[in-house]
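The values are calculated or read from the model by the stated rules, or taken from the named source; none is laboratory data. Quantities reported herein were computed from a predicted structural model and do not represent experimental measurements. Here the Cβ positions follow ideal geometry from the backbone for every residue, glycine too, while neighbour counts run over all protein chains shown.
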């Protein structure tokens, strides 16, 4: 067992930290948090030159053939920097889905362009009940093969060139890859506190062609995409919480009240100790889950645990950060709220704690079928 | 990164599981109470069975009778024993004492005590705390005064686990009054039965005896039973404390996983108002949340284990993991009491008791875990000051 990243991974992390420190400093993060686009085209192109959007993609398709674990470590750095970008949706979740059907026409068309960062894609999954669970999908093509209805909480639809729409096809699910410019597709912004750019995407009798379909219906590719997305959003939370920890500890060392730094008071010390525990424990689960998934082993329960835990713990860390900083962190010009809101958004994206804890509940053997357990109890009562 | 056990470690885990199948832990007689840490009761018989496999001394250097196996084999052994609920109570203390003797013990300690540990015959109590020296350990007053080839120890120790049934005490004493606050301490290995040693049981709120208080009235101890050099006991103790907390809590995650498994079975087999407990969304979420907490705890301990193995500096990692271990244990015990409802407080052995009364027992014993071996408050301060570099709170008084 070795919990340390490999030397190549350490290099990736160090160069990402250095690049983002230079090109995505806190003042830029604050500016981008308030503007309509939400991210910087120039910065995206620079990231593309570093090969980041193609990290998961095999060299034959224009990428660099990195592992999911590499990507997770990189996204942790993006969270640390507070970088706003469509990276997780486009370069992690959608890319993972396309990689599951590499020979399908949409994948052949789109993967090289996603890898080079030339095009951006988003994922339209969630419907009216707000659940990130493919089982709940009801949107389907009508008898004439046209799509009518809408999807909610679609991230970065305003800058997406393509949208991957999860639809019901018979008893299974299908993935459609549609250009956002296709006639009948509408994008209405949802105004959120989080800084995430979220949209309702509407489909008004949208034509669906044979070459839009992502291969034969199979749950596995979608499951892999959702798992990668959940891991990446967890990494973003861990990175952001680490930044909150560092900003907060620095403040506790330098802010003087009552004649000494507030960090010399036990009340503040213990809050800082809880903060570091929340961050470290979240990271421990994240790295183990990302490694397991990267090795191609069954990682469903590990990913669910990591996402559920970080969703609670990193949010707790953010609230503690505000409490330790005091009034100054209530200001818009202070960076803390940007990291806090990013964690808030990430905790919901690709499934909230409740959804993932249900996966864990099944994994630890809690029965969700009433008959058998009921019978056992009846027998016990008669003893 | 690599989060898997090696092939050798997995093979050893399988061997331990095979041993546990052939030697069901329930068959071994128990000498002392299970304090709920996850290591089970004090059982000299079970310890002897482990010794017969060569597992107590397996990681010692070959020159000291060991097999020089890597440290991770100890983790594998502890994890399998804890998952099985085996009574290996004194094992971690034996290992730490042995490590200290190997590192800086006298020839006599190596010749007499080390082989007894390897055979599973020697177990240890810690004489650290005193009535007036708890979290502020260095204010202790027990003194050891040199008298020729002996030291004469006089003082009063308390909260010494299993002192009445162990074979030796590790007694932390002051050997010099002049020295600085952290200097002038020495550690002795004192055999039980030494004249002047008066070991009295303290009945705990569980109704059983786990702790003892120990009166030392001019206890004469040969010089070569000192562990380390005179005046350097505190350095030894400090080095030992992180290891103490690590080895004293590493098995908590697997032990909690075992209890969690029992609660899951209980929820699957119980209906309340016609509805299976396992289908109650709150019950599902709380049990799944605890399973997640336990997985995080295991992750933190394995991270600390990698640091210890690689000789990397440990500042706050073990202190933090201990706090999380003990508070997670309390959370699980509390959840167990909730799930059992009116059956919760029924003791082991009572009619109608569920899950062998283990939830009531762990609910009570878990109260002590955030106090013993460094309170959660002292350890949070350690995390903040040693780990995060926050300034220490000024001392009210003392020798500085």
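Observations
- Selected residue (criterion: modelled with the highest pLDDT) from residues of the range A:329-371 that are more than 27 Å from residue A:234 (Cβ to Cβ) and facing chain B (nearest Cβ under 8 Å): A:367
- The condition of being within 25 Å of residue B:309 (Cβ to Cβ) and surrounded by fewer than 22 Cβ atoms within 10 Å (Cβ to Cβ) holds for residue B:244.
- Scanning the range A:247-262 for residues that are facing chain B (nearest Cβ under 10 Å) and surrounded by 14 or more Cβ atoms within 10 Å (Cβ to Cβ) turns up A:248, A:249, A:252, A:253, A:261, A:262.
- Residue count, the range A:119-152 (criterion: over 25 Å from residue A:88 (Cα atoms) and in contact with a helix residue (DSSP H, G or I) (Cβ under 7 Å, 6 or more places away or on another chain)): 0
- Annotation: residue B:253 fulfils all but one of (1) at the interface with chain A (Cβ under 10 Å from one of its Cβ atoms); (2) within 28 Å of residue A:286 (Cα to Cα); (3) in contact (Cβ under 8 Å) with a residue 60 or more places away in the chain; the unmet one is (1).
- Residues satisfying the stated conditions in the range B:109-131, i.e. touching a strand residue (DSSP E or B) at 6+ places or on another chain (Cβ under 9 Å) and assigned to a loop (DSSP other than H, G, I, E, B): B:122, B:123, B:128, B:129, B:131
- Residue that is farthest from the other protein chains (Cβ to nearest Cβ) [pool: residues in the range A:263-290 that are part of a helix (DSSP H, G or I) and surrounded by fewer than 22 Cβ atoms within 10 Å (Cβ to Cβ)]: A:267
- Residue tally, condition assigned to a strand (DSSP E or B) and either touching a strand residue (DSSP E or B) at 6+ places or on another chain (Cβ under 9 Å) or under 25 Å from residue A:357 (Cβ atoms) (or both), over the range A:133-179: 26
- The range A:51-79 - residue that is touching a helix residue (DSSP H, G or I) at 6+ places or on another chain (Cβ under 7 Å) and in a loop (DSSP other than H, G, I, E, B) and, of those, farthest from residue A:288 (Cα to Cα): A:62
- Residues of the range B:247-276 satisfying the condition of being touching a strand residue (DSSP E or B) at 6+ places or on another chain (Cβ under 9 Å) and buried (at least 21 other Cβ atoms within 10 Å of the Cβ): B:267, B:270
- Exactly one residue out of B:264, B:283 is over 28 Å from residue B:302 (Cβ atoms), in a helix (DSSP H, G or I) and within 9 Å of chain A (Cβ to nearest Cβ), and it is B:283.
For every residue, the table says whether it meets (1) surrounded by fewer than 16 Cβ atoms within 10 Å (Cβ to Cβ); (2) free of Cβ contacts under 8 Å to residues at least 60 places away in the same chain.
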{"position": "B:115", "(1), (2)": "yes, yes"}
{"position": "B:120", "(1), (2)": "no, no"}
{"position": "B:141", "(1), (2)": "yes, yes"}
{"position": "B:144", "(1), (2)": "no, no"}
{"position": "B:148", "(1), (2)": "yes, yes"}
{"position": "B:154", "(1), (2)": "no, no"}
{"position": "B:157", "(1), (2)": "no, yes"}
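- Taken together, the residues in the range B:257-286 that are within 24 Å of the chain's Cα centre (by Cα) and in contact (Cβ under 8 Å) with a residue 60 or more places away in the chain amount to 5.
- Total residues in the range B:267-280, condition within 7 Å of chain A (Cβ to nearest Cβ) and in a strand (DSSP E or B): 2
- Residue match in the range B:32-46 (condition: in a helix (DSSP H, G or I), modelled with pLDDT of 95 or more and within 24 Å of residue B:109 (Cβ to Cβ)): yes
- For the range B:97-108, a tally of residues being without any contact (Cβ under 8 Å) to a residue 60 or more places away in the chain and either in contact with a strand residue (DSSP E or B) (Cβ under 7 Å, 6 or more places away or on another chain) or surrounded by 15 or more Cβ atoms within 10 Å (Cβ to Cβ) (or both) returns 2.
- Within the range A:228-246, the presence of at least one residue that is touching a helix residue (DSSP H, G or I) at 6+ places or on another chain (Cβ under 8 Å), within 11 Å of chain B (Cβ to nearest Cβ), in contact (Cβ under 8 Å) with a residue 40 or more places away in the chain and part of a helix (DSSP H, G or I) is confirmed.
- Checklist (1) crowded, with 23+ Cβ neighbours inside 10 Å; (2) in contact with a strand residue (DSSP E or B) (Cβ under 8 Å, 6 or more places away or on another chain); (3) under 30 Å from residue B:307 (Cβ atoms) applied to residue B:219, failing item: (3)
- When restricted to residues that are assigned to a loop (DSSP other than H, G, I, E, B) and touching a residue at least 40 places away in the same chain (Cβ under 8 Å), the range A:189-223 contains 11.
Each row is one residue, and each column tells you yes or no for (1) in contact (Cβ under 8 Å) with a residue 40 or more places away in the chain; (2) crowded, with 18+ Cβ neighbours inside 10 Å; (3) closer than 30 Å to residue B:176 by Cβ.
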position: B:288; (1), (2), (3): no, yes, no
position: B:310; (1), (2), (3): no, no, no
position: B:339; (1), (2), (3): yes, yes, no
position: B:380; (1), (2), (3): yes, yes, no
position: B:388; (1), (2), (3): yes, yes, no
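- Being touching a strand residue (DSSP E or B) at 6+ places or on another chain (Cβ under 7 Å) and either more than 14 Å from chain A (Cβ to nearest Cβ) or buried (at least 20 other Cβ atoms within 10 Å of the Cβ) (or both) holds for only one residue in B:41, B:57, and it is B:41.
- Candidate set from the range A:291-310 (those that are surrounded by fewer than 24 Cβ atoms within 10 Å (Cβ to Cβ) and over 16 Å from residue A:1 (Cβ atoms)); member that is nearest to the other protein chains (Cβ to nearest Cβ): A:301
- When residues of the range A:100-128 are limited to those that are at pLDDT below 95 and assigned to a loop (DSSP other than H, G, I, E, B), the one nearest to residue A:59 (Cα to Cα): A:102
- Condition check for residue B:13: modelled with pLDDT of 95 or more and either more than 14 Å from chain A (Cβ to nearest Cβ) or assigned to a helix (DSSP H, G or I) (or both): yes
- When each of A:124, A:91, A:97, A:60 is tested for being free of Cβ contacts under 8 Å to residues at least 60 places away in the same chain and surrounded by 24 or more Cβ atoms within 10 Å (Cβ to Cβ), the lone residue that passes is A:91.
- Against the conditions (1) free of Cβ contacts under 8 Å to residues at least 12 places away in the same chain; (2) touching a helix residue (DSSP H, G or I) at 6+ places or on another chain (Cβ under 7 Å); (3) part of a helix (DSSP H, G or I), residue A:342 satisfies every one except (1).
- Any chance residue A:298 is closer than 30 Å to residue A:56 by Cα, under 20 Å from the mean Cα position of the chain (by Cα) and in a helix (DSSP H, G or I): no
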